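One structure is given below, encoded as structure tokens.
The values are calculated or read from the model by the stated rules, or taken from the named source; none is laboratory data. Just so it is clear, the structure is predicted and the values come from calculations on it, not from any experiment. Cβ placement follows ideal geometry from the backbone for every residue including glycine, while neighbour counts extend to all protein chains displayed. With ligands, DNA and RNA removed, areas are computed over all heavy atoms of the protein, side chains included. Shrake-Rupley method; radii C 1.70, N 1.55, O 1.52, S 1.80 Å.
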Amino acid sequence: MIQARDISKKFLIPHEKRVTLREHVLGFLLGRTMGFEPLHALRGISFEVHKGEFFSIIGKNGSGKSTLLKILASIYAPDSGGVMLNGTVSPFLELGIGFTPDLTARDNVFLSATVLGLRRREIEALYDDIISFAELERFQDQALKNFSSGMKVRLAFSVAFMADADILLIDEVLAVGDASFQQKCYDVFRRLKREGKTIIFVSHSMGDVKEFSDRVMLLHEGRVVSVGEPEKVIHDYQLLTAHEDEKRLIPKERLPQRAVAEQQKGFTPPSDEKRWGNGWARVTRMVLSDAAGKEKHVYATGEPLRMRIYIKRENPLLETAKVCVAIHRADGVNVLETCSDPVSWRASREQDSERSIELEFPRLELLGATYYCDVALMPEGGNEPYDFIKGCCSIRIYQDNTTLYRDFKGISYMPHVWNVRER
Amino acid sequence: MLRNRARYFELIKVLGFTDFKLRFSTSVLGYVWSVLKPLGIFFVLYMVFGTFILRGADPRYKDKLLLGLFIWSYFAEASTAGIQSLLGKSHIIGKIYFPRSIAVLATSLNYFLTFMINLGVVMVFFLIDGVGFTRYSLLFPLYIAEVYMIVLGVSFLLSVTYLRFRDLVEIWTIIITAGFYATPIIYPIEMVAWKYQKLLFLNPITFIVEYSKRVLVEGRILDAAGSATTFLIGNCIIFMESVLVLLIGFLVFRKRAPRAAEYL
């Protein structure tokens, strides 16, 4: 049905944007050469989609999904390679099918449907269905510029799907529109699948992808990473994003340097301060690692996690301190606060002033989200900290869809069983 | 293939109709403006040149002025619209595929249609003013076809170029203004010294306006010297120029159009 062979597409991004002849002439006269940076949107993509298949394409932003869809829709021409499509195509790209804002909804429907290849008679026959599916009966003679974005998307999707093409290219329709329209879209997807239409679907919602797809393709930096069973490919995607998140999170992991050491009296930290305390002892470093000791910040639910906290005594008279860790979710929900037994320093030996302590979670059963840790050094009795670091590190948790944790929702997994008693 | 051709014909119709609607729906008088505008300009120019400057030199001056003006304003408006015919439909071109040439064709046909109606107004004017029909008038449709070819060629060439050079419309406006004076519309070509006349004839619209005036208003094909040869050569030149403009425009368009969506 659809055969794509070795598609490559490169965009030349000029270092300096020149869109007028004046700028070109000026640039030329001033002897500035026009530098380009090639952006390889697609690098040799090949795949096949069979008739009647619901084929999803997933990948991060900028992985080439939309460019690929535009090539399938013949809007962009590939630099090399080619596409063979058998059948009529109805594209629904970037939430639209090309409406003219100054025309009424009615005129736009006729225009778009004609572009999609319908004849006037066919459009007239379908018109009422299109409008009622989009729930725009009252607005059909209003100019489209007065429509809300949700209304426009509804109308566009309605036309794209009523056009009765053999192949539908759908880019993120479910991201907008209210719940009832989303439900309608789901119904449409089911119906189109039943009718044996071929659908190419781009989405960031793994739930939708998993529910409808026969096969899934994962793109990354313009290449196909994997194609096949939804379960497996979505898992690959999770690993990929975990890996990417890891790279993104590391630079943030430095401890805030501005310690507010001289806050002896009255423990009232200003709310925007990230670190405070009297400075008798300090947290110098915090390392998150997995069971094997590999430092990382992205974990699957149920993985072991070790936090190693390095502390240093600054006041030689200090003998003991407790280490406290608080974990809270990005939205502020407090998940866990825990403090160690007092850690002691043998009196006044300078070389022993630095030591470390480890907090181990054999199974970290937090559910998918981003979490932050606060770390504090506290006196044995009393609550005025030697050192308190807010948001000392972040942990990203994802629910690996090959594990038992994949479908749970909430903050944390708790062991449980469902008992069914036979009567 | 046949299904496709029918489909594209339908598409030209709908796009052209849409353009027409968008062009005129925002004003009360709507389409009437496309006649009123050149008519208004005609009256201004006639007052200035016909009654004061070239006073009474040619009893047919107003007919020639009217004809030249309508041809020129068609060329000016249609080519300016043609340049913008791709970018103006960027919202559709970026989302759905259809042969890009259809967008240009639809715009050019839309303007050609209004031009036809406007010519009807000119004919009525001629009838009232007593300009007779001669067998030479039969050449006029050929000139109309040639203007259309030039407009279409310019639209093809400049609509894809405009995507990359966004000040092209401003430049084109200046060229159009210069062209208005480089075409014998407000003055008879005989007023220009022969060595400059040759320069004027580099502009294909000069030929078309000049010969249209001759065959329609004057009912003759001979020039002042009474020679038919120059007329024949002139006709060959316009025809070749028109074909050439259309051909170059189309070839450039065909090469550039597949990448049009990337420059929107």
From Cα coordinates alone, what are the radius of gyration and Dmax values for the protein assembly as shown in angstrom? 36.7, 124
For the pair A:Leu39 and B:Leu251, the simple spin-label estimate (label points 7 Å beyond Cα toward Cβ) gives in nm 3.3 nm
So who's got an amide H within less than 5 Å of the one on A:Arg285, skipping anything under 5 residues away but keeping other chains? H placed 1.01 Å off N, in plane. A:Tyr310
Residues of the range A:382-423 with the amide nitrogen closer than 18 Å to a label point 7 Å from the Cα of A:Glu231, along Cα-to-Cβ, please. A:399-408
Buried on assembly, the range A:96-110 (at least 30 Å² less accessible surface than by itself, 1.4 Å probe): A:Ile97, A:Gly98, A:Thr100, A:Leu103, A:Asp107
Nearest 0.05, what FRET efficiency do A:Asp128 and A:Val83 give at R0 = 51 Å with Cβ-Cβ as r? 0.90
Each label sits 7 Å from Cα toward the beta-carbon; between B:Tyr31 and B:Ala57 the label points are separated, in nm, by 3.8 nm
Based on the alpha-carbon set only, what is the convex hull volume of the range B:123-251 divided per residue, in Å³? 127 Å³
Go through the range A:18-31 residue by residue and turn each phi into a ³J(HN,Hα) via Karplus (6.51, -1.76, 1.60, θ = phi - 60°); whole Hz please, and just put x for glycine and proline. 10, 10, 10, 4, 4, 5, 5, 5, 4, x, 5, 5, 7, x
Could I have the simple spin-label model distance between A:Arg194 and A:Gln142, label points 7 Å from Cα toward Cβ, reported in nm to one decimal? 3.3 nm
So what are the three principal axis dimensions of chain B from its Cα atoms, in whole Å, longest to shortest? 58, 42, 38
Nearest 20 debye, what's the magnitude of the dipole of chain A about its Cα centre given +1 on Lys and Arg Cβ and -1 on Asp and Glu Cβ? 660 debye
Between A:Tyr310 and A:Tyr186, what is 0.36 nm times their sequence separation minus the Cα-Cα distance? Round to one decimal in nm. 39.4 nm
At 1.4 Å probe size, with the rest of the protein present, what percent of the exposed accessible area of chain A is carbon and sulfur atoms? 50 percent
Two-decimal ratio, the range A:1-85, of alpha-carbon radius of gyration to 2.2 N^0.38 Å: 1.45
Those residues of the range A:25-53 whose amide nitrogen sits under 15 Å from the label point placed on B:Ile174, 7 Å along Cα→Cβ: A:25-26
Heavy-atom accessible surface of the range B:80-210: percent carbon and sulfur, 1.4 Å: 74 percent
Would you kindly find the accessible area of A:Asp107, with a 1.4 Å probe and non-protein molecules such as ligands, DNA and RNA excluded, rounding to the nearest 10 Å²? 40 Å²
The answer for A:Gly368, listing residues at least 5 apart or on another chain whose modeled amide H is closer than 5 Å to its amide H, is A:Gln399
Just the number please: accessible area per residue for the protein assembly as shown, 1.4 Å probe, all protein chains included, in Å². 50 Å²
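Any chance you could run the full-extension gain for B:Phe24 through B:Ala228? It's 0.36 nm times the residue separation minus the Cα-Cα distance, nm to one decimal.
69.1 nm
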³J(HN,Hα) computed for each position of the range B:97-114 - Karplus, 6.51 cos²θ - 1.76 cosθ + 1.60, integer Hz, glycine/proline x: 7, 7, x, 4, 4, 5, 4, 5, 4, 4, 5, 5, 5, 4, 6, 5, 5, 5
Using only helices, what value at 222 nm comes out for chain A when you add -39,500 (n - 2.57) per DSSP H run of length 4 or more and divide by the total residues, to the nearest 500 deg cm²/dmol? -7500 deg cm²/dmol
Interface residues of the range A:112-149, defined as losing at least 20 Å² of accessible area versus the chain alone with a 1.4 Å probe, are A:Thr114, A:Val115, A:Gly117, A:Arg119, A:Arg120
Taking every DSSP beta bridge with both residues inside the protein assembly as shown, roughly what % is antiparallel (nearest 5)? 75 percent
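Using a 1.4 Å probe on protein heavy atoms only, how many Å² of accessible area do A and B hide from each other, summed over both chains and rounded to 100?
Using a 1.4 Å probe, the pair buries roughly 2700 Å².
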R0 = 30 Å: FRET efficiency of A:Ala179 with A:Arg120, Cβ-based, nearest 0.05? 0.25
With A:Asp166 itself left out, Lys, Arg at +1 and Asp, Glu at -1 over residues whose Cβ is under 11 Å from its Cβ give 0
Pop out a list of residues from the range B:77-96 that are at least 10 Å² less accessible with all the protein chains around than in their chain alone; 1.4 Å probe, no ligands or nucleic acids counted. B:His91, B:Ile92, B:Gly94, B:Lys95, B:Ile96
Rounded to the nearest 0.05, what FRET efficiency is calculated for B:Arg135 and B:Ile237 with R0 set to 25 Å and r the Cβ-Cβ distance? 0.65
The distance between the Cα centres of the range A:160-176 and the range B:19-53, in whole Å, is 45 Å
Where q = 0.18 Å⁻¹, what log10 of I(q)/I(0) comes from the Debye formula for the range B:204-264, counting one point per Cα? -0.69
Amide H neighbours of A:Cys393 under 5 Å, counting only residues 5+ apart in sequence or on other chains, H built in-plane at 1.01 Å? A:Cys373
